[in-house]
1. Quick one: compute a quarter of the convex hull surface over the Cα atoms of the range 77-206 and quote it in nm².
2. What ³J(HN,Hα) values, in whole Hz, does the Karplus curve 6.51 cos²θ - 1.76 cosθ + 1.60 give for the range 97-114 when θ = phi - 60°, with x put for Gly and Pro?
3. Highest mean first, how do 174-187, 56-69, 111-124 rank when packing is the count of other Cβ atoms within 10 Å averaged over residues?
4. If I model a spin label as a point 7 Å beyond the Cα along the Cα-Cβ vector, how far apart are those points for Asp204 and Thr155 in nm?
5. Once phi is turned into ³J(HN,Hα) by the Karplus curve 6.51 cos²θ - 1.76 cosθ + 1.60 with θ = phi - 60°, what whole-Hz value does each residue of the range 128-136 show in order, with x for glycine and proline?
6. Return the long-range amide H neighbours of Asp186 (sequence gap of 5 or more, or a different chain), with a cut-off of under 5 Å between placed amide H atoms.
7. Note down the nm distance, to one decimal, between modelled labels 7 Å out along Cα→Cβ at Ser99 and at Ser60.
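Read the figures in this text as sums done on the coordinates, not as results from a lab. Note that the coordinates shown come from a computational prediction; the quantities given were computed from them, not determined experimentally. Quick reminder, even Gly has a Cβ in these numbers, built from the backbone with ideal geometry, and neighbours come from all protein chains shown.
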Amino acid sequence: MAIRNRKPGAWTALLTLAFLISACSGPAVRQTDETAQREKPRPEELGEYRRLLAEAQQLSFTLDFNDLRRAFVESPEYNPHGGAKLPGLPEAYESVEQSNFDRCLEYVDRVLADNYMSLEAHMIGVLCSGRSANLAREDRHRYMVEGLMRSIESTGDGRSQESAYRTISTSELRGFVRLKGLQIMDQSLVYDRAGVYDKMQVRDPESGEEYALYFNVSEQFAHSVEDRTAGNSQ
C-alpha cells in the first residue's frame, strides 16, 4: 500500500510549526519516574498486540487503531511514557534542528525499536523521511501518525473532563498537542470519580486564543503507579 494522497503544503506547515514549539516554549508535560526496566517478554506472551502491530507495519486498510492502542495497553510491552524517555527521541529532535535528516531517522529507529507506538517518533519520522526523499518510509510514518491521531480524536473533544481525549502515554499526549500546533502554557493533574486527567492550558499561536484541553490519562497513571509499587517492593 502506498499513501500518496498527500497535502504537502498543509503537512509541511503543520510539522514546521510543531517542531518550532520546543519543550522550552512552555512548561513541559510532566514526566514521572524513570521508565521501568522491563525484561523482554517472550513471543508467546505478546498475543493480540503483536498481531495488530504486524497489520500496522503492513499499512493495513482495515486496522482499527482503537483496537491497536487498547491491545498495546494490555500487553507486556506497554510503556506509559510511550517513548518520551526512551533513548533517541531528544537526539532526533536535535537532528531536526541541525537539518541532519539521515541521522534523525537513525534516532527515530532507536525509539521505534523499543516502542513502535510512539506518536512523537513517527511525527518526526514523517518530516525527516520527507526531507530525505524517502517516500516509502514517509508513507509508513504518516500512516501511523494519521491512524493514532484519528483514534485519539474519536475519544472526545478535550474541552471538559467528561469529553476528555483519552491518551495512553506521555509521548502520545505530547505529540498530539504539537501536531495540533498548540503551545503548552500550563499543566496540572485533576481527579474525579471517573479517572485522572491532565489539564493542559494551551495557546493557539495563530489566533492568540488560550483555553484548557483535558486528557484522560487514567490508564497511563495506573501503570505508572504499578511501576513505582513494583520498584518499591524489590
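1. Working: hull surface 34.0 nm².
Over every viewing direction, the Cα hull of the range 77-206 projects on average to 8.5 nm².
2. 4, 8, 6, 9, 7, 5, 5, 3, 5, 5, 6, 4, 4, 4, 5, 5, 5, 8
3. 111-124, 174-187, 56-69
4. Those two pseudo-labels are separated by 2.3 nm.
5. Whole-Hz 3J(HN,Hα) from phi for the range 128-136: 6, 6, x, 5, 8, 6, 9, 5, 5.
6. The list, which skips near neighbours in sequence, is Gln201.
7. Distance between the two pseudo-spin positions: 4.1 nm.
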